[in-house]
Amino acid sequence: MTSSTPTALDSTFSHLQNPTFLQACLRQATDYTPLWMMRQAGRYLPEYRASRAKAGSFMGLATNRDYATEVTLQPLDRYPLDAAILFSDILTVPDAMGLGLSFALGEGPKFAHPVRDEAAVAQLEVPDMAKLQYVFDAVSSIRKALTQADGRGRVPLIGFSGSPWTLACYMVEGAGSDDYRLVKTMLYSRPDLMHRMLTVNADSVAAYLNAQIDAGAQAVMIFDSWGGVLADGAFQEFSMAYTARVLAQLKRVGPQGEVIPRIVFTKGGGLWLKDMATLDCDVLGLDWTVNLGAARALVGGLENGPGKALQGNIDPNVLFAPPAQIATEVARVLDSFGTPYQGSGTGPTHIFNLGHGISQHTPPEHVAALVDAVHSHSRQLRR
Ligand code: CP3
């Protein structure tokens, strides 16, 4: 077996220079706690703003493979992060369904054709994946750019999608929302329509993530950013059940037989961790409302038994404090998880991340302080 043809049995990840992220996803021991940040390629970086100005717009960046590659690598060139994430957006899928996505500068996303009645729901179909070819081209281009002179990848590349429910929120509301009035009106008055939309969304997301895996994504993450706005009971029925439908259709291995870890992040989902432990995924993402030690006890599993790796969960606003306070807060988050598993089998592991996306107002030097603190304190925890 050569280093360029890893197999499912190759759990040493010899095809990567830095496999710590994938190892932690699979609950294997690492020398330090790996980290990446949601929205790590974004407006807080001056080089990102310069690229966006050249491309003309956010979608100009996302639909051009060279720009998408350039901005994906920007945070990795500044900081020793342990994973790259595809530069794209969750709303590419409803756009491919024909809803007409636009991003006006300084405003959130908007759809020209929101889905608000029976006729619009009836018309929804799994989009032709050829309409999303620009995303898959970006994935292969980023993988190429991550490949080093020795033929190994610098760090793994994460692909992603929105959850069926989070996509439905934008599809019905037509934009972001404060109260989710329109989507919840449909959910409570016409659950049949909502179930049909979620079925189409789940099958679309599965096809989309499988095509990202074929193109070279080495892990996949489902962003259920609005799962936490649902009532107990409604979350299980309208969000989690459709995330499960996606997971049931996902490829377990990539084109070279390598395991593809799956991450599910429900913002505001801390109260449903026990339910989410039943999902067929490797990692659960947590926002800052959850104590990592308590989550570890509930779903982190035991040595050589089943369980979920945990990803998160520092409040992104910590990054506005001075570096010394950032280091203190980082230590608090790492200590709340406790010493991760250190044996040669599997056990509870932690991937450090923010509890949600990084703010565009974050000083870039503060990110350097965060990354430093995570790597150094997490090494100390293992002594
Ligand atoms: O994490 C990364 O670095 C990868 C890229 C990524 C983006 N969006 C780029 C982006 C990812 C993973 C997303 C996911 C996404 N997009 C989510 C789920 C995660 C979350 O934040 O809850 C959601 C809900 C969206 C929808 C979306 N896209 C909104 C609401 C907005 C506007 C809000 C804002 O921050 O302005 C976007 C635009 C967007 N997506 C930007 C970026 C870097 C900013 C666009 C710009 O450059 O002007």
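Restricting to Cα pairs below 8 Å that are 6+ residues apart, what does the relative contact order work out to for the range 200-358? Please round to a whole percent.
Details: 259 pairs, mean separation 32.2, N = 159.
Result for the range 200-358 is 20 percent.
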Q) For the chain, with every protein chain kept in place, what is the accessible area per residue (1.4 Å probe, Å²)? A) 39 Å²
Q: In whole Hz, with x marking every Gly and Pro, tabulate ³J(HN,Hα) for the range 209-217 from phi via Karplus 6.51 cos²θ - 1.76 cosθ + 1.60, θ = phi - 60°.
A: 5, 5, 5, 5, 5, 4, 7, x, 5
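Could you work out [θ]222 nm for the chain from helices alone, using -39500 (n - 2.57) per DSSP H run of at least four and dividing by all its residues? Round to the nearest 500 deg cm²/dmol.
Values: 14 runs with 153 residues, N = 383.
Roughly -12000 deg cm²/dmol at 222 nm, from the helical runs in the chain.
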**Q.** Cα-centre dipole for the chain with unit charges at Cβ (Lys and Arg positive, Asp and Glu negative), debye to 20
**A.** 420 debye
Q.
If R₀ is 25 angstrom, what is the calculated FRET efficiency for the pair ALA104 and ASP179, using the beta carbon separation as r and rounding to 0.05?
A. 0.70
Q: Read phi for every residue in the range 104-110 and hand back ³J(HN,Hα) as whole Hz from Karplus 6.51 cos²θ - 1.76 cosθ + 1.60, θ = phi - 60°, with x for Gly and Pro.
A: 7, 4, x, 10, x, x, 9
Q | Value of Rg/Rh across the chain [Cα atoms, Kirkwood radius] | A | 0.94
Q. Going by alpha carbons, how many degrees (0 to 90, nearest 10) lie between the helix axis of 164-173 and the longest principal axis of the chain?
A. 40 degrees
Q | Ranked order, GLU125, GLU173 - accessible area, probe 1.4 Å, largest first | A | GLU125, GLU173
Q.
Multiplying the sequence separation of LYS251 and SER344 by 0.36 nm and subtracting their Cα-Cα distance, what value in nm do you get?
A. 30.8 nm
Q) Comparing LEU157, LEU76, LEU22, which has the greatest mean-square fluctuation in the GNM of the chain with Cα pairs linked when under 10 Å apart? A) LEU76
Q: Enter the Cα centre distance for the pair the range 172-191 and the range 335-355, rounded to the nearest angstrom.
A: 37 Å
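Could you tell me how many cubic angstrom of Cα convex hull volume the range 33-174 has per residue?
Working: hull volume 17.4 nm³, N = 142.
Cα-based convex hull of the range 33-174, divided per residue, equals 123 Å³.
With an 8 Å cut-off on Cα pairs and a minimum separation of 6 or more residues, tell me the relative contact order of the chain in percent. Don't jump to the answer; show the numbers that get you there.
Values: 754 pairs, mean separation 81.2, N = 383.
The normalised contact order for the chain reaches 21 percent.
Sort the range 102-141 into rounded, prolate or oblate with this rule: let a ≥ b ≥ c be the square roots of the eigenvalues of the Cα gyration tensor; rounded if a/c is under 1.5, and if a/c is not under 1.5, prolate when a/b is larger than b/c, oblate otherwise. Write down the numbers at each step before the final one.
Numbers: a/c = 4.79, a/b = 1.27, b/c = 3.77.
Judged from the Cα gyration tensor, the range 102-141 comes out oblate (a/c at least 1.5, b/c at or above a/b).
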Q | Phi to ³J(HN,Hα) by Karplus 6.51 cos²θ - 1.76 cosθ + 1.60 over the range 283-299, Hz, x for Gly, Pro | A | 10, 10, x, 10, 8, 6, 7, 9, 7, 5, x, 5, 5, 4, 5, 6, 10
**Q.** Interchain or long-range residues, amide H under 5 Å from ILE351's placed H
**A.** LEU310, GLN311, GLY312
Q: Working from Cα positions, state the angle (0 to 90°, nearest 10) between the long axis of helix 364-381 and the longest principal axis of the chain.
A: 50 degrees
Q. Roughly how tilted is helix 133-146, in degrees to the nearest 10 and between 0 and 90, from the longest Cα axis of the chain?
A. 10 degrees
Q.
Taking 51 Å as R0, compute the FRET efficiency from the Cβ-Cβ separation of ALA130 and ALA321 and round it to 0.05.
A. 0.65
Q. At a 1.4 Å probe, what is the % contribution of carbon and sulfur to the accessible area of the chain?
A. 51 percent
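The values are calculated or read from the model by the stated rules, or taken from the named source; none is laboratory data. Not measured: the values here are computed from a predicted model. Because the Cβ atoms are built from the backbone with ideal geometry, glycine has one as well, and the counts that use them run over all protein chains shown. Just the protein is used for accessible areas: all its heavy atoms, side chains included, with ligands, DNA and RNA removed. Shrake-Rupley method; radii C 1.70, N 1.55, O 1.52, S 1.80 Å.
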